[in-house]
Structure formats: C-alpha cells, structure tokens
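Shown next, in structure tokens, is the structure this report addresses.
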Amino acid sequence: MSGRSSQSRGGGFIGGLWMLIQRFSTLCRQLFRPDFARETNCPAVYTPHPFAAALFLFRGPGLGRGLSAGAKAKGGAAVPAKRYILDRQAGFILRQVVQRHIAIFTKRMLYELTPTQFAALAKLYEVGPCSQNRLGRLTAMDAATIKGVIDRLTKRGFTEVRADLQDARLLMVHLTGRGRKITESAMREAARITEETLAPLSRAEQGTLLRLLKRMC
C-alpha cells in the first residue's frame, strides 16, 4: 500500500467513525427530555449520556417498565417485553469499537494530539486555509468545540488565524510551517493507527466496514 493511500484510509476511517459518533450523540440528545425519567420510570438514565440512550433506541419507550409499548394480553394483563440483550445492540458495540480505537490512538499518536486536534490539522492540510466555522462543519464539530481546538492548536504554534486577503472581516485558520510538518508526521502515524484498529478484519471486510460506516453517517 502506498503512503498516500494508507494515509487516505487512515483519515477516512477516523473521520467516518467520528461523524457516526457525532450523529449518534445528536440523536441521543434529541431523544432525552427533562420528563424522560418520569415517563420511563428509569431515573438512572436521566443524564443524557450519548450511549446510555442505546437502551431507549433499541427497545423504545417501554424501557424500565418491563413491557413492550402498549402490549396487552387478552385479559388486559401485561405481556413481558422481548428480552433485551445489551451485547447485541449497535450503540453498545459502537462504543466498544470507539473505546478500542481511542486507546490505540492515544497510545500511538504523536505530539500528544487528541482525535479532534488531529482531525482539524488533517483537514486543514487537505483543504488549505478555511474559516473556523467551515472547519468545524468539515470535521463534525460544533462551534464551541472547534473554537477550543483551534485555540489550543494556535497556542502550541501549529495553527494561526489571519484575516482573509479578499475580505478582511473573515478570519481564516492556517497551518503554520511547524504545524504542516507535524501534521505530515501525524498522518503517517494515523494510517498505522487505522491499520491496527482494523487488524482483526480481512482487507475485504475492512472495505465493507468503511462503506457501511459512511452510509450510517
């Protein structure tokens, strides 16, 4: 595999997995309402942790009551809900995959870059200078998150913010010379991180997984 294709696979997997996590977290935040615990009789999941919502997503509003939504026996008696197996649920499995990938990333990534910091650097390297808002959209980060990421990268001397040459009112995020060199090294390591993450799968399975992840994003 060439260096370029290896880097592309690395960026594609990390980016696709990150966007899937973001989509799942957004859905969870939409599902959890202040009255959710009262409706479900399950106050233990009142806090909207992204992956706690798997229990709601795959079982429905009957969670915590031991009933399928609206299920009744002939005499009006409640019918037990279908057995829920956590280990078979997509949200739980995705969380395990993410945990394994983050552990590999943290152990191997250079310069103590976080996944979000690396994503911002890699995308700037790919598309060139861009506004902070656009960079956030391209890396699946909200406005507050991308601002914090760029602030930290700028403090470390990896990025800088300058006025756009065509419109001085628009601030553009640039890689510094040092940031570009660091990003090149980090992308090579990211490709190896992806290879280790996907190592349990065959090449054909890896391609299938990436295609399915992109469809789910």
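All of the numbers you see were taken from the coordinates with simple rules; none came from a lab. A quick note: this is a predicted structure, and the numbers were derived from the prediction, not measured. Note that each Cβ is placed from the backbone with ideal geometry, even for glycine, and that neighbours are counted across all protein chains shown.
Of the residues making up region 123-140, those that are surrounded by 20 or more Cβ atoms within 10 Å (Cβ to Cβ) and not in a helix (DSSP H, G or I) are T139, A140. Comparison of R108, R100, R88, R95 shows that the only residue that is out of contact with any Leu (no Cβ under 6 Å at 6 or more places or on another chain), over 14 Å from V149 (Cβ atoms), surrounded by 14 or more Cβ atoms within 10 Å (Cβ to Cβ) and of a type outside the set (D, E) is R95. Restricting L165, L201, L212, L170 to residues that are surrounded by fewer than 15 Cβ atoms within 10 Å (Cβ to Cβ), in contact (Cβ under 8 Å) with a residue 24 or more places away in the chain and farther than 24 Å from E112 by Cα narrows the list to L170. When restricted to residues that are free of Cβ contacts under 8 Å to residues at least 40 places away in the same chain and either within 11 Å of A120 (Cα to Cα) or part of a helix (DSSP H, G or I) (or both), region 173-191 contains 3. I'm trying to understand the selection: among the residues of region 116-150, which are among the acidic types (D, E) and in contact (Cβ under 8 Å) with a residue 24 or more places away in the chain? E126 - this is the single residue of region 116-150 that is among the acidic types (D, E) and in contact (Cβ under 8 Å) with a residue 24 or more places away in the chain. Among the residues of region 142-158, those identified as more than 16 Å from the chain's Cα centre (by Cα) and either acidic (D, E) or assigned to a loop (DSSP other than H, G, I, E, B) (or both) are D151, R156, G157, F158. Would you call L153 among the hydrophobic types (A, V, I, L, M, F, W, C), without any contact (Cβ under 8 Å) to a residue 60 or more places away in the chain and over 15 Å from Y111 (Cα atoms)? No.
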